[in-house]
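Shown next, in structure tokens, is the structure this report addresses.
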Amino acid sequence: MTASAHTRADERAHIGLTQREGEGPDPDEAAPIIFGFWVFLMADLVLFAVLFSVYAAMVNGGQGTAPGPADLFDLKIPFVETLILLASSLACGKASLALKWRHDRGRLLAWMGLTFLLGAGFLVLELRDFIQLATEKNAPPQASGWLSSYWLLLGTHGLHVAAGMIWLAVIAAQVVLWGLVHEVKLRIMRFALFWHMLDIVWIAIITVVYLFGVQS
Amino acid sequence: MSLLGILGWSDIIFVKAWQNPSISEAIAAGAGGAAVLGALGAAVLVTWLGAWRTLWTGWLTSLDHKKIGIMYIVLALVMIARALIEAVLMRVQQAAAVGDPGFLSADHYNQLFTTHGTIMIFFMAMPFLTGVINYVMPLQIGSRDMSFPMMNAVSLWLTVGGAILMMASLIFGSFSTGGWSAYPPYTGASFSPGVGVDYWIWAVTLASVGSTLTGINIAVTIYKRRAPGMTLFHMPLFCWTALAVSILMIFAMSPLTVATAMLALDRYAEFKFFTNGDGGNMMIYANLFWLFGHPEVYILILPAFGVYSEVFTTFSGKTLYGYRSLVLATMCIAVLSFTVWLHHFFTMGQSAEINAAFGIATMLIGIPTGVKVYDWLLTMVRGRIVASTALIFSSVFLVTFVVGGVTGIILANPDVDYQVHNSLFLVAHFHNMLIPGLLFGMIAAVQVWFPKAFGFRLDERWGRISALLWTAGFYLAFMPLYAMGLGGAMRRMRSWADPDWWPWLLAAEIGAFLLLGGLATLLMQFWVSVRNRRALAVPGGDPWDGRTLEWGTSSPPPEYNFAVVPQVDSRDAFTAVKAAGRAYSAPETYEDIEMPKATMVPLAIGLLAAACGFGLTWHIWWLALLAFIGIWGAVILRSFQRETSRVIPAAEVARQHEAWLEMVRGLPQTPRRAGLTPANSGRAEQGEPA
């Protein structure tokens, strides 16, 4: 098999969805959908990039008289949050593999369920952290420009996670209703892209907000 | 907490005018009344025509990119009428207010320049260019639709939702007085309490989300749905500009969305992003807004550049001069547009080095733009020119735009900018760019593609009158502002102390009236053309001896655009087909065509988004919450719908197409010079070398 013929066969099977030709959705229809979602993710990443630049501007000179990052942050909870979110991404990856290699509805749903639960665990920890910040630590978003930007950046990421979970539940319902039909497969693939992107954003948050924060 | 939030009787404009009668309030009430009567009148007209069913099934719920494009343009025309009348009102006030307060209250005047700018950018220019791209681009690349027809309709109806909020502000409460750029801290809660800024925030947010989705849709369509053989470098230049615009939309709308969200958080939840004190920093807003705002300028101008490229080739009967240089110039402009945003606030405290860097970057944009101007001129040289209305608008653009470009280069110098910052010189400059560089292009686009969309040409005589009025009006309205601006007159002034400026102001006022006349005669042109549609009919679908694929299909094109997706071998694809004598030949086989079914979901999403924005503006929390849940509920329910397309059988396609071919073959061939006469049958004379 030549290299180009090999690529073509992969394309027909649609990388990431199925391993055999003819099993997945029509690539001519699937490709624009997946490509479109990549473009959407790019626009979404621009949004996060803007939030990060706002944060960077605010952390230098936007703190006012309110408590700053060194007063507020320790790495314990963010470390646990990171582990949970990464584990959720792992579960999401296992779900994709269950779809691609095993074509097994039960296994797929189990991994999707674990993805959901870990996402929920992350959100619970984050909410707990938010409540603590606002009450015990006296650092609500209204306290300073920097805190506003911290809450907006973290809040936007958290909202993305919550929206992703609702989306995941909808897809799970469709898996149960319709089985592994093509449109559901494409949705799972798009969800996976979205979920992994949120991980990448979180890694940036851990670095820029927490690691730099405790050092400052 | 009342059921209607903070909305009370005295917020309704008519009640307000009754309670505090004045000329200013009477004008506001008149505008509110016009909005109500306009909506009622439209409803009565539709009922009288018995067209509700057609309107609902054929338009409001349609996912056809051509219908969506036309609806965008209708929205733009409605909104330009309002914003242009506001401009006239401001000029009348200014000319009357030399050493005198005039007749408009300061608050009313400030609302006028805010709504004028906001509408012209977000609800006239953006819908207009999005509509033209929506209509033309898929046809030009030989596609049957956009990649995401449903999302396309969602973009349209979100934009309409924003426009509904703009119109609602005429009747309920008042609009922002903070200008179209809404700089905090002035637009923060402490200096602008009340609902005005909230109207601005939600209207702009809906429009910007709609534009982000549009950008994604256009880019994916161009990358993935070109006809076989239509390589990127075989695309008509208009498609290249559409591609550049979509990339700009994808990258530039997010900063605006973030900026408006931050302003909303400041206002609603007392966040401290842009406040004075507590670490707030309004410079972040200025940077974010112009990080969107400058690419936006090129989002506005590039599609017009694309239209002009089509006009100059088509009406010169020549292929585009310097195609590759035009493509390169377009892409250079797209990239450079992200490197110059700071020139909007040279005076706001950066170091001289930073200002110099951005000044140089700004001047650099003049280079690719200059390349384009020469390419267009050379396209016309030794061409067989047909002086259509579209070409007249395009030629006026060439001359006028260069003047605006030169004043832009002047402003790009930070030293000069310090002198004329926020003066009428700036106002003259950006109108000098956007009126020829956007509006004339869009009007030219309507002149060119109207026969494609409706099967008959637009009346040339009224078109020329309109072009004359737009041109004279532009020069008379804006050249005086250059002089005044250099003399120190600031923008956004309600009244003047210096009587020397009165002649300039009077000239500008007359110019504004001429511009209004330009719009009126344009509408007159539509009316006259509809009445004379038999004489103006071009059933062949190719009235201009067109060069690109859209001219090879019927007028109006079928829902599926092309009976058989064309095979493309070169640029100017339809010219090549005609030169080879293969135009209007029947294909060997037909296939079933799958097209999206109509759906009311996008319309519902747009209306719910408007309701959500209205609820947020007036603190009617239950309405905002229900509408928000409704929007996402509609999206989720839609995802459970599996039968979203229908199939048009090959036999039906064959029947329609064969009938059309038969009709076209029976039409007389129109020589080039007869293009503007009733002899134009819509079938161009063949056999001449391209």
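Residues in region B:666-679 that are in a helix (DSSP H, G or I) and either at pLDDT 95 or above or surrounded by 12 or more Cβ atoms within 10 Å (Cβ to Cβ) (or both): how many? Here the count works out to 2. Going through (1) touching a helix residue (DSSP H, G or I) at 6+ places or on another chain (Cβ under 7 Å); (2) under 20 Å from residue A:34 (Cα atoms); (3) of a type in the set (A, V, I, L, M, F, W, C); (4) at pLDDT 95 or above one by one, residue A:200 falls short only on (1). Quick one: which of A:195, A:111, A:202 is aromatic (Phe, Trp, Tyr), farther than 29 Å from residue A:55 by Cβ and more than 10 Å from chain B (Cβ to nearest Cβ)? Answer to the check: A:111. The listed residues are B:296, B:310, and the only one of them that is closer than 15 Å to residue B:246 by Cβ, part of a helix (DSSP H, G or I), charged (D, E, K, R) and within 21 Å of the chain's Cα centre (by Cα) turns out to be B:296. Scanning region B:524-543 for residues that are within 24 Å of the chain's Cα centre (by Cα) and buried (at least 23 other Cβ atoms within 10 Å of the Cβ) yields one hit, B:525. The combined condition, being among the small types (Gly, Ala, Ser), on the phi < 0 side of the Ramachandran plot and touching a residue at least 12 places away in the same chain (Cβ under 8 Å), is not fulfilled by residue B:51. A single entry from B:265, B:256 fulfils the requirement of being more than 28 Å from residue B:217 (Cα to Cα) and either β-branched (Val, Ile, Thr) or within 11 Å of chain A (Cβ to nearest Cβ) (or both): B:265.
Would region B:170-181 turn up any residue that is part of a helix (DSSP H, G or I) and either buried (at least 24 other Cβ atoms within 10 Å of the Cβ) or modelled with pLDDT of 95 or more (or both)? Scanning region B:170-181 turns up at least one residue that is part of a helix (DSSP H, G or I) and either buried (at least 24 other Cβ atoms within 10 Å of the Cβ) or modelled with pLDDT of 95 or more (or both). The set of residues in region B:531-580 being in contact with a strand residue (DSSP E or B) (Cβ under 7 Å, 6 or more places away or on another chain) and among the β-branched types (Val, Ile, Thr) consists of B:538 alone.
Conditions tested, residue by residue: (1) modelled with pLDDT of 95 or more; (2) more than 31 Å from the chain's Cα centre (by Cα); (3) loosely packed, with under 13 Cβ neighbours inside 10 Å; (4) among the charged types (D, E, K, R).
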residue	(1), (2), (3), (4)
B:622	yes, yes, yes, no
B:652	yes, yes, no, yes
B:658	yes, yes, no, yes
B:688	no, yes, no, yes
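Residues that are within 13 Å of chain A (Cβ to nearest Cβ) and outside any helix (DSSP H, G or I) were ranked within region B:207-230; the one that is farthest from the chain's Cα centre (by Cα) is B:228. When residue B:233 is tested against (1) away from chain A (no Cβ under 11 Å); (2) without any contact (Cβ under 8 Å) to a residue 12 or more places away in the chain, exactly one condition is not met: (2).
Condition test on residue B:204, is it aliphatic (A, V, I, L, M), buried (at least 24 other Cβ atoms within 10 Å of the Cβ) and at the interface with chain A (Cβ under 8 Å from one of its Cβ atoms)? Here the answer is no, as residue B:204 does not meet what is asked. Residue under question is residue B:272, and the condition is that it be buried (at least 21 other Cβ atoms within 10 Å of the Cβ), among the basic types (Lys, Arg) and either facing chain A (nearest Cβ under 9 Å) or assigned to a loop (DSSP other than H, G, I, E, B) (or both); does it hold? The answer is yes for residue B:272.
For residue B:562, indicate whether it is closer than 18 Å to residue B:663 by Cβ and in contact with a helix residue (DSSP H, G or I) (Cβ under 9 Å, 6 or more places away or on another chain). It would help to see each step written out before you state the result.
Numbers: closer than 18 Å to residue B:663 by Cβ: yes; in contact with a helix residue (DSSP H, G or I) (Cβ under 9 Å, 6 or more places away or on another chain): yes.
So residue B:562 passes the test.
Applying the set (1) away from every other protein chain (no Cβ under 14 Å); (2) crowded, with 22+ Cβ neighbours inside 10 Å; (3) touching a residue at least 60 places away in the same chain (Cβ under 8 Å); (4) in contact with a Gly (Cβ under 8 Å, 6 or more places away or on another chain) to residue B:121 leaves exactly one unmet item: (4).
Restricted to region A:127-149, and to residues there that are surrounded by 15 or more Cβ atoms within 10 Å (Cβ to Cβ), without any contact (Cβ under 8 Å) to a residue 40 or more places away in the chain and in a helix (DSSP H, G or I), the residue that is nearest to the chain's Cα centre (by Cα) is A:130. In the set (1) touching a residue at least 24 places away in the same chain (Cβ under 8 Å); (2) in a helix (DSSP H, G or I); (3) of a type in the set (Gly, Ala, Ser), the condition left unmet by residue B:488 is number (2).
Inspect region B:455-462 for any residue being farther than 30 Å from residue B:64 by Cβ and either among the hydrophobic types (A, V, I, L, M, F, W, C) or surrounded by fewer than 20 Cβ atoms within 10 Å (Cβ to Cβ) (or both) and give the result as yes or no. Yes, region B:455-462 contains a residue that is farther than 30 Å from residue B:64 by Cβ and either among the hydrophobic types (A, V, I, L, M, F, W, C) or surrounded by fewer than 20 Cβ atoms within 10 Å (Cβ to Cβ) (or both). Among the residues of region B:594-607, are any without any contact (Cβ under 8 Å) to a residue 24 or more places away in the chain and of a type outside the set (Ser, Thr, Tyr)? No, because not a single residue in region B:594-607 is without any contact (Cβ under 8 Å) to a residue 24 or more places away in the chain and of a type outside the set (Ser, Thr, Tyr). Restricting to region A:50-91, name every residue that is more than 8 Å from chain B (Cβ to nearest Cβ), within 26 Å of residue B:280 (Cβ to Cβ), without any contact (Cβ under 8 Å) to a residue 40 or more places away in the chain and surrounded by 15 or more Cβ atoms within 10 Å (Cβ to Cβ). Scanning region A:50-91 gives a single hit, A:53.
Starting from residues that are of a type in the set (Gly, Ala, Ser) and in contact with a Ser or Thr (Cβ under 8 Å, 6 or more places away or on another chain), keep the ones in region B:391-440 and report whichever is surrounded by the fewest Cβ atoms within 10 Å (Cβ to Cβ). Break it down into steps so the answer makes sense when it comes.
Keep residues of region B:391-440 that are of a type in the set (Gly, Ala, Ser), which gives B:394-395, B:404-405, B:408, B:412, B:423, B:428, B:437.
Filter once more, keeping what is in contact with a Ser or Thr (Cβ under 8 Å, 6 or more places away or on another chain): B:405, B:408, B:412, B:428.
Numbers: B:405: 19, B:408: 21, B:412: 21, B:428: 25.
Selected residue: B:405.
For residue B:665, the conditions (1) charged (D, E, K, R); (2) touching a residue at least 12 places away in the same chain (Cβ under 8 Å); (3) within 14 Å of chain A (Cβ to nearest Cβ) all hold with the exception of (3). Taking residue B:240 as meeting all but one of (1) within 22 Å of residue B:571 (Cβ to Cβ); (2) surrounded by 22 or more Cβ atoms within 10 Å (Cβ to Cβ); (3) within 11 Å of another protein chain (Cβ to nearest Cβ), write down the number of the exception. Failing condition for residue B:240: (3).
Number of residues in region A:150-161 that are in contact with a helix residue (DSSP H, G or I) (Cβ under 9 Å, 6 or more places away or on another chain), within 12 Å of chain B (Cβ to nearest Cβ) and surrounded by fewer than 20 Cβ atoms within 10 Å (Cβ to Cβ) equals 2.
The values are calculated or read from the model by the stated rules, or taken from the named source; none is laboratory data. Values in this document were obtained by computation on a predicted structure and should not be read as measured data. Note: ideal-geometry Cβ built from the backbone for every residue, glycine included; neighbour counts use all protein chains shown.
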